[in-house]
Amino acid sequence: MANNKEKTYWPHMILGFFILGISLGYWTIKSASSMPVQESNDFMMKYQSADLNINEIMEKKVLFDKQYTIELAGKETMVLEDENRHSKLKSVDPVKLSVGTNDFTYLITQKNGTVVADANVSFLLTRPHTRADDLMVEAVSYEDGEYIIRDINITKPGRYTLQLRAKVGDAIGYSEIPAYLKP
């Protein structure tokens, strides 16, 4: 008869790894659910709506782009040194913002140069990667051939995006321009 005094620890090890796996899974889910999810501002709507209606949105955008143009008027841009000179992506100089109130003037014209006076225009000032500081103007006023957004108060330095949506009949156009407020 063999005396079996050696103890085996492998069942305890398997149980320990199982408990460790459950604990790490719980920690992962808890930490992931506590972080906020930032939504996209593409086409000035929630990304779920844009995703569901992307074909219709693109058709209306193409229709708008064939007939009309949107232009930001009278704003100074910042000339940035191109850090990635070898990139094939076209970089756009951002609009220079000032601390305090800012005004924005947009021109919406037909391709032949005629000013469009009856567009339904919305404006959104947003920051990349967050919607916490979004400022939406649902109905932009039309005065003397221009669509004017007044008294937009900007205090936090950093990058911004100026977004405009113009609806003329069935056509909908979008403008997205980078902007920057120096610290």
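The values are calculated or read from the model by the stated rules, or taken from the named source; none is laboratory data. Everything quoted here is computed from the prediction, not taken from an experiment. As a convention, Cβ positions derive from the backbone with ideal geometry for all residues, glycine included, and neighbour counts pool all protein chains shown. Ligands, DNA and RNA are excluded from the accessible area calculation, which covers all protein heavy atoms including side chains. Shrake-Rupley method; radii C 1.70, N 1.55, O 1.52, S 1.80 Å.
For the stretch 36-79, the set of residues classified as open to solvent by less than 60 Å² (accessible area, probe 1.4 Å) and of a type in the set (Ser, Thr, Tyr) consists of Ser40, Ser49, Tyr68, Thr69, listed by residue number.
Taking the stretch 169-183 as the range and being open to solvent by 20 Å² or more (accessible area, probe 1.4 Å) and over 17 Å from Gly74 (Cα atoms) as the test, the residues that pass are Gly169, Asp170, Ile172, Tyr174, Lys182, Pro183.
For the stretch 20-35, the criterion of a residue being closer than 26 Å to Ala166 by Cβ, surrounded by 10 or more Cβ atoms within 10 Å (Cβ to Cβ) and modelled with pLDDT of 85 or more is satisfied by no position.
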